[in-house]
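Everything below concerns the one structure shown next.
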Amino acid sequence: MMEPVLSIRDLHVSFATPAGRVQAVRGVSLDVQPGELVGIVGESGSGKSVSFLSIMGLLPGTASVTGSAKVAGTEMIGVPDSQVRAQRGKKIAMIFQDPLSALNPVHRIGAQVVEMIQAHQNVSKEAAHSRAVELLDLVGLPQPDVRARQYPHEFSGGMRQRVMIAMAIANDPDVLIADEPTTALDVTVQAQILDVIENVRRQLRTAVVFITHDLGVVARVADRVEVMYAGNTSERGLVNDIFATPHHPYTRGLLSSLPSANKERLKPIVGAPPNMIAPPSGCAFRARCEHALEACASAGNELVRIGSTETSCIRAAELQGSAP
Amino acid sequence: MRNIRKSTKFAGGLLGSVLLLAACGGGSDSASDTTAAGGGSGSGESAMTITYDIADEAQWEDATPITAADFQCTFDAAMNTPGSISTSGYDKITSVEAGDSDKQVVVKFKELYAPYKNLFSGLLKKAAVADCKDISGDFGTTFNYSGAEWKMDSWSADQVVFLPNENYWGPRKVGEGVKKLVMVPRAETQITDLKAGSVDFIYPQFYAGITDELADPNVKTVLNYGGDYEALYMNLGVDGKNMTADGEKTRPFADKAFREAFYKSIDLDALFKQIYIPIASDGTLLTCGPIIPGMYCPEGIFGNKYDQDAADELMEDAGYEKNGEGLWAKDGVAPKIEWVINTGNIRRESTQAFLIPLLKKAGFNVVAYNCDADCYFQKRLPGMDYDLAMYISTAPPDPAYLVGGFSSDQVPTPENDNKGGNFQGWMNETATEALKNSDREIDEAKRAELIKSAIVEMDKDYILIPLFQFPKSGAYRTDRVDNVEGELNNNAAFNDTYQWKDLDGDGQIVIGAEQWPGCLNPVTECASSSWYLWTVAQQLMPGAFRTTNDGKYVVTELLKSDPKVETD
Amino acid sequence: MLRYTLRRAVWLLPTLLLVTFLVYVALRLGTDPVASYRRTNIRASKKKIDQYIAANGLYSGAFGYIRGYFKWLWGFVTLDWPRSIKGSREVWPHLKDALANSLRLGLVASFIGILVGNALGVLAALRPGRLRDTLVNSSALVGLAVPPFVSALLLQLFFAVYWQKWFGYALFPVSGVYPAGHQGFDLFLMLKHMALPVVVVSIQSIAVYSRYMRASLLDVLNSEYMRTARAKGISERRVLVHHALRNALIPVTTLAFLDVGAVVGGLIITEGLFEYPGMGRFFLVAYSNGDFPELMPWMVLIIGSVVVFNLLADIAYAKLDPRIRLG
């Protein structure tokens, strides 16, 4: 097995709020291999975005982060800001959900890409600029040399997301975190962006962490999937296996709420995610789970391997085969 | 507080107390300034001739002599300059000519003119103006001559600087060590400036509490009872009515019985205690009429006549009876009395608050009819759009101002082009006759009797209620200047700056001016401001007479002796 | 950008003409210049009044207003200005002094207000909710709440009246442009006399700008593109200056241009409190006299300044914010 480019161990993130400490991430561990595309799935508030923002060091000062996250062997947690900053944008880059507001409105597109290049490479402005045009070309921007001189407001949402991708890959990072990159886009544009990301991964061998709440998108692009619930991994495994045989009742719930051609009606998961200021002991999903037992209340978060997948559900083995 | 100041200033201008070249409020203001008698006719029918002998050494700042030509020029300018603020007195003159030499001036009058000492009180220099008959365009940026102890060095919106006039010939030479007299506009900050030491002397309008504000170990405040007085005035209307913006209004005060009953329904002692004692604990009710105590003040008139029973009887006899609300009414109508003061003047507002309920109880339907100072003094008062008014006037030493303010022919009507100054509409033949004659009576004692008899008529007719003689206040830094108290009660205020001493040794005396003359022309509207007179004219212009601290006229060093007055 | 500027600048002249015409009409209707002239020059002859009417183009009737406006305009641009109604003085020498005094006071105070206010606003916004934010915010509120006459009075009492009492001299003068009797130019004395009025005006503008900048910067700091900028791994300083401030300055700059454009109008209250002979006092005197020949040039200066600085604000806005240029 190769050395993972991203290795997260026992990551905890909590936020101080006036109401109390919100435990957003509660002991996540995860490895991402080079060139791999891992989908991170979960409802909003499940801690999926927060986990990766914490690794990037982009959380506000109210957040406290513990554990370990190594990017290409370099620790990102609990080290000085300058050390994190040196990796940020270079080894690990990120694109965001809303391309409309993610670009600075007052700077030219080209300049924003150039800034990314010059932040980590000692090259001249001219060199950086021509590299920026290449990158814009790579992400499929027509007339990249002309477009580089334009401002964000002259671009459509999809085009802006391409620019974000071009910017993210400017320094050939090992890991690209894509935080819901297609959520805000039209369906047709979504597909194009997914193609661009897929393209980047193939051409640059960049590992991609694709954060989404949309299992359908994951099914299309991801190699592996990580399902998160209430700050923990509830299930992980190869995409095909998990879609074929989900072991965690939450995963099963997610899948049955997914629209598809052969389903008459969708079945949403009843109930709401738990309060993360005082998260329940044991399995956090048990309050919404139709299979919950008393034992679930004392269950840990250790993942149990069943076949190619791992799950935190203690009843996974006995429930196997019960209809989704 | 500033409203008091403003109103005082205006009332002063209104009654013509500060007119410079003109006599104060002469009786027959010519409606047109183009009908000047013109000089040089030399008509033999003069009723009065005055011969002025100019001092031999009298000279201008450039050492040229002051001559009869300058008197002639002064007369021409006052009579003919478009926009000349007053021709009073000069319009009685038929000729101004040189006598035996150009140092002698012979002035002929077509009729007797008693207040002649006001004439030629500020002399123009013929050589300083292009055309004596129209000097309206002169003095635009500086006052370019002097025949007095100072001469103007510079003038701007920030300050006026005077230097000693080294060619001044008279006894009022500027004291040793004083190199500059500076006046600066300090309307808002005069007291702070004085305490901070950036000005040496201020001459603020008096108001309640000013002495407390001025309290400082290095500041001395001097209060003098000068020519300012406050009174209540009733508007009789013209034929009992006035046209106002809201249409024609009937004036209840046209009825003498109504006025008398009104007067007798007010307890002036109580009012005085309520309003004026807090300002000046040792003050007394003014009883002279529209004038301050002195030789023109008749005794035993005005004052408190409070007698409610007599007032009620008067009203009943006049055909009034109290209606359901307890107000005097005739034919079912209770006449409304509109009482105007300037909004924001706390003392006057307190007076209204005190008197209106009492007057209502006595049966008079008095209502406040207040507006801002501009509207009050420039619209309602001259437009006679009021029934009752309350304001301060500044009386000059000479009573000639009464002629313009109280003669029958001075009620503004279309006949006199609405230019009269009798805004009460009071027409009393006896008083008018006496006032007219006073203008023509050269004998001081006889003139005083005439004036007094006119004032007695005012009392008999109940047309005004005199209230209070206001103090004048001056304040100075005792560590900076000395010997400044000599003329503070003078109508012409601090006109002895030549003898002020500079204690701090900076060689200059700095006066903070409460109002700033916006322009320098001595015959146009510029000259209607008291501060113009004080800060510019009297420092520079020589004149035949000047007033003294106790309200008398004395001949100046310009003349060899008192001018010779001959009548036919 | 050039095209944009030209397109806006083309409107400058028509705007000026239109606004001065409206002001001309408003002044004539509102102050009735002929009546004011007669009030101020009570005994003016018919001939003199006719001369005044002719010199100022105060013709009657609707057409008279239009003809009069062009008469006035021609006189104005050919520098043949009618004289003031009171004392028949040339208008420009006095107006020029007032203008210089106001510009000096206004520009220095604006400069300090903009500089210090924005700096404080940035400091506050960078640590929202913390002690220094609270300090800046509450002192700004105090600064806005304290009226100029109160701050002026306190400053005058302390630096002049009491200083004089304690030390025998006033540290800062309370009034005027120069000490009484001073003639000629003296930078030091001038600055000393400006000190207190500048402080009074600055307190207000510092308060305004610190709050404005704080709000603007907080808004920017919460933007998505700030996260994008940080994700690049560039220095925090560059993030703040190049990304945050650059955006936060857009509304602040517009405000600053408009503020500076209004400096020409003077400060009626502050000038009064310090006997400072600026444009505010010029206006007050001219207005109370109903002095049409003085009021019109004053108005034109104000209008010109406001219109030009509005244009400059627009240009600066467009220069700073590329989104505007297309609009």
So, in region B:338-375, exactly how many residues are within 14 Å of chain C (Cβ to nearest Cβ) and open to solvent by less than 50 Å² (accessible area, probe 1.4 Å)?
2
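Residue-by-condition table, conditions (1) more than 23 Å from residue C:221 (Cα to Cα); (2) touching a Gly at 6+ places or on another chain (Cβ under 7 Å):
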position: A:104; (1), (2): no, no
position: A:113; (1), (2): no, no
position: A:121; (1), (2): yes, no
position: A:131; (1), (2): yes, no
position: A:141; (1), (2): yes, no
position: A:148; (1), (2): yes, yes
position: A:163; (1), (2): no, no
position: A:167; (1), (2): no, no
position: A:171; (1), (2): yes, yes
State which residue pairs qualify: first residue at positive phi and inside region B:343-357, second residue of a type in the set (A, V, I, L, M, F, W, C) and in a helix (DSSP H, G or I) in any location, beta carbons under 6 Å apart, and separation of 6 or more residues or different chains.
none
Of all residues in region B:75-100 being of a type in the set (S, T, N, Q) and touching a helix residue (DSSP H, G or I) at 6+ places or on another chain (Cβ under 8 Å), which is farthest from residue C:49 (Cα to Cα)?
B:88
Going through region B:159-186 in order, the residues found to be open to solvent by less than 30 Å² (accessible area, probe 1.4 Å), out of contact with any helix residue (DSSP H, G or I) (no Cβ under 7 Å at 6 or more places or on another chain) and of a type in the set (A, V, I, L, M) are B:161, B:178, B:182, B:184
Only one of (1) in a loop (DSSP other than H, G, I, E, B); (2) of a type outside the set (Gly, Ala, Ser); (3) more than 30 Å from residue B:80 (Cβ to Cβ) fails for residue B:123. Which number is that?
(3)
Hey, any hits in region C:177-198 for a residue that's open to solvent by less than 40 Å² (accessible area, probe 1.4 Å), in a loop (DSSP other than H, G, I, E, B), in contact (Cβ under 8 Å) with a residue 60 or more places away in the chain and more than 21 Å from residue C:144 (Cα to Cα)?
yes
Looking only at region B:260-274, which residues are over 22 Å from residue B:284 (Cβ atoms) and surrounded by fewer than 21 Cβ atoms within 10 Å (Cβ to Cβ)?
B:260
Only one of B:535, B:567 is among the polar types (S, T, N, Q), touching a residue at least 60 places away in the same chain (Cβ under 8 Å) and closer than 13 Å to residue B:201 by Cα; which?
B:535
Residue satisfying all of: in region C:270-325; open to solvent by less than 20 Å² (accessible area, probe 1.4 Å) and part of a loop (DSSP other than H, G, I, E, B); nearest to residue B:375 (Cα to Cα) among these
C:290
Just for strands (runs of 3 or more DSSP E) wholly inside region B:208-313: which have at least 2 residues that are of a type in the set (Asp, Glu) and touching a residue at least 40 places away in the same chain (Cβ under 8 Å)?
B:219-234
Can you say whether residue A:95 is under 15 Å from the mean Cα position of the chain (by Cα) and surrounded by 19 or more Cβ atoms within 10 Å (Cβ to Cβ), as far as the supplied structure shows?
yes
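For region A:88-117, give me each residue that is polar (S, T, N, Q) and either outside any helix (DSSP H, G or I) or within 14 Å of residue C:239 (Cα to Cα) (or both).
If the condition is that a residue be polar (S, T, N, Q) and either outside any helix (DSSP H, G or I) or within 14 Å of residue C:239 (Cα to Cα) (or both), then A:97, A:104, A:112 are the ones that fit.
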I need a count of the residues in region B:149-158 that are open to solvent by 30 Å² or more (accessible area, probe 1.4 Å) and within 19 Å of residue B:543 (Cβ to Cβ).
1
Within region B:144-192, take every residue that is among the β-branched types (Val, Ile, Thr) and either more than 29 Å from the chain's Cα centre (by Cα) or in a loop (DSSP other than H, G, I, E, B) (or both) and give me the one that is farthest from the other protein chains (Cβ to nearest Cβ).
B:174
Among the residues of region B:199-213, write down those that are modelled with pLDDT under 90 and touching a strand residue (DSSP E or B) at 6+ places or on another chain (Cβ under 9 Å).
B:204, B:205, B:206, B:207, B:210, B:211
Working only within region B:130-143, note down all residues that are within 14 Å of another protein chain (Cβ to nearest Cβ) and either on the phi > 0 side of the Ramachandran plot or touching a Cys at 6+ places or on another chain (Cβ under 7 Å) (or both).
B:139
Complete set of residues in region A:53-92 that are hydrophobic (A, V, I, L, M, F, W, C), within 7 Å of chain C (Cβ to nearest Cβ) and under 16 Å from residue A:173 (Cα atoms):
A:56, A:86
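The values are calculated or read from the model by the stated rules, or taken from the named source; none is laboratory data. Owing to the predicted nature of the structure, the values given are computational and were not obtained by experimental measurement. In this analysis, Cβ positions are derived from the backbone assuming ideal geometry, glycine residues included, and neighbour counts consider all displayed protein chains. Quick note on the areas: whole protein, heavy atoms, side chains included, nothing else; ligands and nucleic acids left out. Shrake-Rupley method; radii C 1.70, N 1.55, O 1.52, S 1.80 Å.
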